[in-house]
Amino acid sequence: MNFNTIFLTSFRVLLLPVALLYGLVIRIRNWMFDKQYLKSASFNFPLICVGNLAVGGTGKSPMVEYLLYLLSPQFKVGTLSRGYKRKTKGYALANPNTTALEIGDEPMLFHMKFPQIPVAVGEERLVAIPQLLQDVPDLQAIILDDAFQHRSVNAGFNILLTEYSNIYVNDFFLPTGDLRDERRSAKRANIIVVTKCPADLSFERKQQIIRNLKPRADQKVFFTRIAYGVPYHIFNYEDEWLLTPRVEVLLVCGIANPKPLKEYLHECTHTYYQQDYSDHHIFTIDDLNEIKEKFDGIHAKDKIILTTEKDAVRLIKFSNELKSLPMYVLPIRHDFLFGEGEQFNRMVTDFIRNFRYKPIS
């Protein structure tokens with residue numbers, strides 16, 4: 001029995017009045033947008049929004065990466081993010097000297113993995129979109145990262161993610177639950193993706209989830225699982241290390257939901273140790289010394305330090321200190337179940353190819 005979990009759940013239930021008040025505010029805000037008392041701006045340009053209704057990790061960053069891999073060979077595409085927990089304000093376009101502190105860890109990850117793709121940040125997307133189009137006038141599409149609840153911009157194509165273990169129809173408003181938007185907002189999505197599913201998800205369970213979601217007739221529901229790649233050295237993509245039962249791993253992790261990652265390590269390694277940090281943690285030299293001390297305490301011949309790609313972009317600033325350590329990065333991607341990946345790809349690419357401007361009536 002996990003008493004910490006029981007205490008946290010009980011505490012969140014006690015905050016139900018706060019959750020009800022928060023939900024009322026969200027409903028009023030959405031109603032005002034629906035009635036156009038608050039205005040949403042449309043752009044005569046293909047905007048693809050990736051978002052969710054809940055806080056926490058539903059796989060938005062890997063979905064943006066998936067879209068970049070899919071679209072960049074065919075279109076000139078860019079990304080626009082808020083730049084969560086960066087140390088700067090306003091609009092910024094990544095350049096060769098940009099750091100994670102300037103644009104945030106997720107945008108920095110996109111910039112490092114796709115250096116040829118324009119990566120921009122800006123809290124006010126309504127202002128940042130025209131700035132990005134001015135800076136990169138030959139763009140053919142923009143991917144809006146984590147923008148579903150930001151209704152000041154009306155994206156032409158919305159991809160809504162919901163986690164298999166916490167589907168939004170079973171959730172409640174913050175702080176009692178994890179919802180930051182109301183469930184009926186899902187009706188604005190073109191596509192709903194149920195993420196982090198078990199690899200052996202049955203067809204019957206799939207159909208049950210779809211019935212619970214009650215999508216519109218024109219909404220398509222997809223299902224994905226987490227697929228991990230081969231770990232690569234933090235400073236050398238070509239230096240890979242295959243995880244085997246004989247390898248002992250120190251996991252350095254500061255992400256919203258590390259549970260699937262820890263389950264994966266439990267399956268493929270004999271022993272692993274944890275050094276956990278909060279989501280979007282800004283690493284310090286003291287943290288690095290703590291990591292090194294814990295790693296030195298592992299008495300095994302075959303041992304590595306393993307971290308996530310989002311954590312790696314906040315660790316590479318310690319290049320001198322890390323060069324002597326076997327620190328590897330575990331890549332992650334979405335893998336579509338039931339052979340439906342091509343249908344998803346076609347829906348996204350057709351949106352860009354067949355784009356027609358539809359102003360809000």
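The values are calculated or read from the model by the stated rules, or taken from the named source; none is laboratory data. These figures come from a predicted structure and were not determined experimentally. Counting neighbours? That spans all protein chains shown, and the Cβs are built from the backbone with ideal geometry, glycine included.
Brief remarks on what is shown
- Met63 being closer than 27 Å to Leu179 by Cα and touching a residue at least 60 places away in the same chain (Cβ under 8 Å): yes
- Among the residues of the range 227-258, those identified as touching a residue at least 60 places away in the same chain (Cβ under 8 Å) and under 21 Å from Asp178 (Cα atoms) are Gly254, Ile255, Ala256, Asn257.
- So Tyr264, is it part of a strand (DSSP E or B) and not assigned by TED's automatic domain parsing to the domain that holds Met63: no
- Lone qualifier among Tyr37, Tyr69 - being out of contact with any helix residue (DSSP H, G or I) (no Cβ under 7 Å at 6 or more places or on another chain), in the same structural domain as Pro175 (by TED's automatic domain parsing), loosely packed, with under 15 Cβ neighbours inside 10 Å and closer than 21 Å to Gln149 by Cβ: Tyr37
- Checklist (1) more than 22 Å from Phe157 (Cβ to Cβ); (2) buried (at least 16 other Cβ atoms within 10 Å of the Cβ); (3) not charged (D, E, K, R); (4) not assigned by TED's automatic domain parsing to the domain that holds Val169 applied to Gly57, failing item: (4)
- Looking only at residues in the range 154-179 that are among the aliphatic types (A, V, I, L, M) and surrounded by fewer than 20 Cβ atoms within 10 Å (Cβ to Cβ), the one that is nearest to Val25 (Cα to Cα) is Leu174.
- If you go through the range 73-120 and keep only what is within 22 Å of Asn345 (Cα to Cα) and not polar (S, T, N, Q), you end up with Pro73, Phe75, Lys76, Val77, Gly78, Leu80, Phe110, Lys113, Phe114, Ile117, Pro118, Val119.
- Subset of the range 78-110 (residues that are of a type outside the set (Ser, Thr, Tyr), within 15 Å of the chain's Cα centre (by Cα) and crowded, with 19+ Cβ neighbours inside 10 Å): Leu80, Arg82, Gly83, Gly104, Asp105, Glu106, Pro107, Met108, Leu109, Phe110
- Selection within the range 271-301 - farther than 20 Å from Ser319 by Cβ and surrounded by 14 or more Cβ atoms within 10 Å (Cβ to Cβ): Thr271, Tyr272, Tyr273, Asp279, His280, Lys294, Ile298
- Test: residue in the range 103-113 that is touching a strand residue (DSSP E or B) at 6+ places or on another chain (Cβ under 8 Å) and part of a loop (DSSP other than H, G, I, E, B): yes
- Selection from the range 19-60 of residues that are charged (D, E, K, R), in contact with a Leu (Cβ under 9 Å, 6 or more places away or on another chain) and over 23 Å from Ile142 (Cα atoms): Arg29
- Screening the range 187-255 for strands (runs of 3 or more DSSP E) wholly inside it with 1 or more residues that are among the acidic types (Asp, Glu), at pLDDT below 95 and in contact with an Asp or Glu (Cβ under 9 Å, 6 or more places away or on another chain) returns the ranges 248-253.
- Residue check for Val64: outside the structural domain of Lys310 (by TED's automatic domain parsing), β-branched (Val, Ile, Thr), in contact with a Ser or Thr (Cβ under 7 Å, 6 or more places away or on another chain) and not in a loop (DSSP other than H, G, I, E, B): yes
- Residue count, the range 116-170 (criterion: under 28 Å from Asp335 (Cα atoms) and in a strand (DSSP E or B)): 15
- Residues that are under 29 Å from Thr98 (Cβ atoms), over 24 Å from the mean Cα position of the chain (by Cα) and not in a helix (DSSP H, G or I), drawn from the range 310-361: Lys323, Ser324, Leu325, Pro326
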